[in-house]
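Engineer: First the structure, which I've put down as structure tokens, then a few questions once you've had a look.
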Amino acid sequence: MSIFMQALLVSIFVTIAFIDSHTLQTHIFRPVVVGPVVGLIMGDVQTGFTVGVTVELMFLAVIFVGTAVPPDPTISTAIATAVAILGGGGTELAVATALPVSFIGQIASTVQNSVINVYFMHRMDKAVERMDRKAMVRNNTVYPMLMNIILYGIPTFLAVYFGADFVAKIIASIPAKIITGLAIGGGMIGAVGFALLLTTIKSKKMWPFFIMGFFFASYLHVNMIGIALMAVAFCAIYYYFGIQKQVK
């Protein structure tokens, strides 16, 4: 198979994976799936599995919280796997490539979520006012999904087709101020998103539980599993000593 066809198939799969992450969420966008699939396309499934598992461990605890966009593991795995296979099957190059490429994916995701999707949502609102069903489908489904080709499919194709040197040039061309700005902005947006989530706690009776959780996490350094177990206990206490009495 020619390098052009390999790059094309990898870019098509990456586009489908991003569409899946926005719709069905069958998790084909996870590194542990992306790596082997790209390895199959590139003719080295073993390296694909190795890179996929390695990158999966790197991004295992990275989650999308509120509106904060984390570094993207999907496009980084696809490009890192292709670079590793084209470079002879070494995973060291893949690991070194994965994290910088994930920041490129983060930039694309930030633009998609904060600019492109907002634009189409405004168009969607106008379509609802006109009761234009075709426009609703186009602006809520078709157009946003097609943007995945531009944001993720084309960059993946170029990176695989032109190789590691091309990827390195792209990473080096991104000004440090942009990377720093995105990191700071992402942290601020995450705080705003978390604040919006807190506004959903309308009942003042729930706030003591939130304060207790914050105290245990911040000052006693209880991890997330411990906080989750405490939350289960608090829910049980609240039910048995509060709601159940009201029912009786």
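Engineer: What helices (runs of 4 or more DSSP H), lying completely within region 106-181, carry at least 2 residues that are open to solvent by less than 60 Å² (accessible area, probe 1.4 Å) and at pLDDT 85 or above? Before you say what the answer is, go through the steps one by one.
Structural biologist: Values: elements: 117-130, 133-137, 143-148, 154-162, 164-173.
It comes to 117-130, 133-137, 143-148, 154-162.
Engineer: Scan region 214-248 for residues that are of a type in the set (Phe, Trp, Tyr), in a helix (DSSP H, G or I) and either at pLDDT 85 or above or open to solvent by less than 50 Å² (accessible area, probe 1.4 Å) (or both) and jot them down. Reasoning before the result, please.
Structural biologist: Keep residues of region 214-248 that are of a type in the set (Phe, Trp, Tyr), which gives 214-216, 219, 234, 238-241.
Then keep just the ones that are in a helix (DSSP H, G or I); that gives 214-216, 234, 238-241.
Selection gives 214, 215, 216, 234.
Engineer: Count, please, the residues in region 93-105 that happen to be more than 11 Å from residue 79 (Cα to Cα) and either outside any helix (DSSP H, G or I) or of a type in the set (S, T, N, Q) (or both).
Structural biologist: Result for region 93-105: 0.
Engineer: Might you let me know whether region 11-20 holds any residue that is part of a helix (DSSP H, G or I) and at pLDDT below 90? Give the derivation first.
Structural biologist: Quick first cut of region 11-20, residues part of a helix (DSSP H, G or I) only: 11-20.
After this cut, where a residue has to be at pLDDT below 90 as well, the list is none.
There is no residue in region 11-20 that is part of a helix (DSSP H, G or I) and at pLDDT below 90.
Engineer: Can you tell me which of (1) open to solvent by 10 Å² or more (accessible area, probe 1.4 Å); (2) over 18 Å from the mean Cα position of the chain (by Cα) is the one residue 30 doesn't meet?
Structural biologist: Single failed check for residue 30: (2).
The values are calculated or read from the model by the stated rules, or taken from the named source; none is laboratory data. In this text the structure is predicted, and so the values were computed from the model without any measurement. Calculation scope for accessible area: heavy atoms of the full protein, side chains included, ligands and nucleic acids excluded. Shrake-Rupley method; radii C 1.70, N 1.55, O 1.52, S 1.80 Å.
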